[in-house]
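Below: the structure, in structure tokens.
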Amino acid sequence: MTTTTDAIPKGARELCTPTVEEAKRLAETVERVAEKTRLAAARFPETRDVVLGGSFAKGTWLPGEADIDIFVKLSPDIDEARFEEVGLKVGLEATKGYPRGKKYAQHPYTEARVEGVVVNIVPCYDVQAGQWKSAADRSPFHVELVKTRLSEAQKLDVRLLKKFMKGVGVYGAEIEKEGFSGYACEVLVLEHGSFVDVLKHFIHLKAVAPDRLLTLPDPVDERRDLAKAISNEIVARLVLAARAYLKRPTLQFFLGKTGKKRPNLQAHVIGITFTHRESSEDILWGELKRTMKHLSGHIKRAGFALARTAIASDDRRESAFLILPEVRELSAIEKRLGPSVVMEREANEFLAKNSKRAKLVWVGEAGQLQILQNRDEVRLSDFLRRMVRGEIAKMGGSPTISRAIAKNGKVIEGRPLLRAAKRKGWLSAGLNDIVSDTLGTSPG
């Protein structure tokens with residue numbers, strides 16, 4: 001295992017540190033938008049203050065990736081409708097003349113691209129710590145925490161941690177990723193002291209509950225667990241990546257490092273491709289994940305064991321469910337269990353219902369009826385085609401996604417799937433992901 005002094009490869013710090021010129025240019029842009037926001041906010045008596053937020057305000061942003069949040073603090077006495085109305089009006093006025101749009105979190109806010117930089121103008125209530133009325137209310141306190149509690153050296157450690165997490169694919173709080181947020185990185189460095197010490201913590205991580213690998217209380221609100229939005233898979237991937245890195249630190253971890261790809265397995269993947277209406281990425285990925293979960297359950301109940309599943313999307317109008325089964329074809333017959341013979345009514349109903357399909361009927365050692373019957377589908381691809389033809393709408397999940405699949409979904413595998421992946425980068429990325437090892441699982 002490496003020591004702290006040699007665990008950061010040459011060039012990593014420079015890779016994570018913005019230039020003086022970039023910092024100056026961003027500061028000028030931020031001040032221009034902030035001043036416009038102050039002027040717009042002054043028109044509304046409900047406004048209490050305008051404060052800067054995001055990684056730029058905290059000094060933890062990465063070169064070319066600054067997120068700039070401007071928080072419009074409003075009176076806690078106004079109702080939710082007025083809160084949203086004022087917040088959006090201020091945002092629209094402050095970003096007049098720039099490409100902009102309405103985005104959604106707990107409440108709507110304005111996102112604009114100003115001189116190549118994404119700026120979010122977000123309303124929040126002007127409250128005391130602990131008296132939260134909206135999710136955004138904590139954000140100004142987060143800024144103050146980082147600015148006052150982290151040293152300049154630790155802010156560089158945060159940048160290193162963010163860049164590392166991006167490189168190994170565990171960074172990003174969006175629903176698609178369910179990974180670590182920028183604030184989670186800041187809290188980890190605050191809690192453990194440095195980038196290397198954070199990784200050392202994770203290589204020896206112990207589960208906090210049977211179904212949870214990590215807990216990370218928010219220092220601003222101890223009742224809020226930042227790790228609740230981070231999936232166990234992401235935490236496990238960070239554990240393995242940290243072990244691999246500390247064993248042999250290289251700059252490649254910061255530039256982008258993945259597990260070994262197994263292209264021979266691509267021929268075994270079955271995909272369902274479909275188009276759907278456009279929506280925000282968080283809404284889309286929530287619907288895709290919910291539907292994939294229901295679909296996987298139906299596949300397993302039909303007798304097909306799944307090795308792995310994945311979702312691919314262009315984040316706009318095209319998506320695909322990718323399935324890597326253990327076997328793609330089952331035996332022609334299957335056994336079904338019925339009720340015990342002492343359950344007279346249920347036993348009679350079971351026999352009557354299955355008499356025509358049953359190829360063999362018998363009683364097991366426990367007195368339970370059992371039958372042997374032909375399967376509805378032997379091939380997984382045939383089962384999926386039946387689902388796509390309309391039955392998918394009955395299985396649960398997102399009605400929007402289910403209707404889209406029933407309308408235009410296609411089951412593809414083998415060469416047609418590989419050809420489609422060559423034409424569509426987002427599908428190729430998903431196909432590569434489902435047949436790649438997790439980083440840190442290979443010996444050496």
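The values are calculated or read from the model by the stated rules, or taken from the named source; none is laboratory data. Just so we're clear, the structure is a prediction, and the values are computed from it rather than from any experiment. When we count neighbours, we look across all protein chains shown, and the Cβ atoms used for this are built from the backbone with ideal geometry, even at glycine.
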| query | For segment 374-395, what are the residues that are of a type in the set (G, A, S), free of Cβ contacts under 8 Å to residues at least 40 places away in the same chain and either in a helix (DSSP H, G or I) or in contact with a Lys or Arg (Cβ under 6 Å, 6 or more places away or on another chain) (or both)? | reply | A393
| task | Determine if segment 39-62 includes at least one residue that is closer than 30 Å to V198 by Cβ, of a type in the set (K, R) and in the same structural domain as S139 (by TED's automatic domain parsing). | result | yes
| In the list K163, K177, which residue meets the criterion of being in contact (Cβ under 8 Å) with a residue 60 or more places away in the chain and either part of a helix (DSSP H, G or I) or assigned by TED's automatic domain parsing to the domain that holds R223 (or both)? | K163
| note | Here the residues within segment 17-74 that are closer than 15 Å to L92 by Cα and small (G, A, S) are A34, A40, A41, A42
| What is the residue count in segment 209-222 for residues that are within 11 Å of N232 (Cβ to Cβ) and either among the hydrophobic types (A, V, I, L, M, F, W, C) or in contact (Cβ under 8 Å) with a residue 60 or more places away in the chain (or both)? | 3
| Looking at segment 123-144, which of the residues that are touching a Lys or Arg at 6+ places or on another chain (Cβ under 9 Å) and among the aliphatic types (A, V, I, L, M) is farthest from Y98 (Cα to Cα)? | A129
| message | Step by step: first the residues of segment 401-418, then only those that are touching a residue at least 60 places away in the same chain (Cβ under 8 Å), surrounded by 16 or more Cβ atoms within 10 Å (Cβ to Cβ) and in a helix (DSSP H, G or I), then the one that is nearest to the chain's Cα centre (by Cα). Which residue is that? | response | I401
| Count - residues of segment 104-117 that are surrounded by 15 or more Cβ atoms within 10 Å (Cβ to Cβ) and in a strand (DSSP E or B) | 7
| Which of the residues that make up segment 141-178 are under 16 Å from A242 (Cβ atoms) and among the basic types (K, R)? | K162, K163, K166
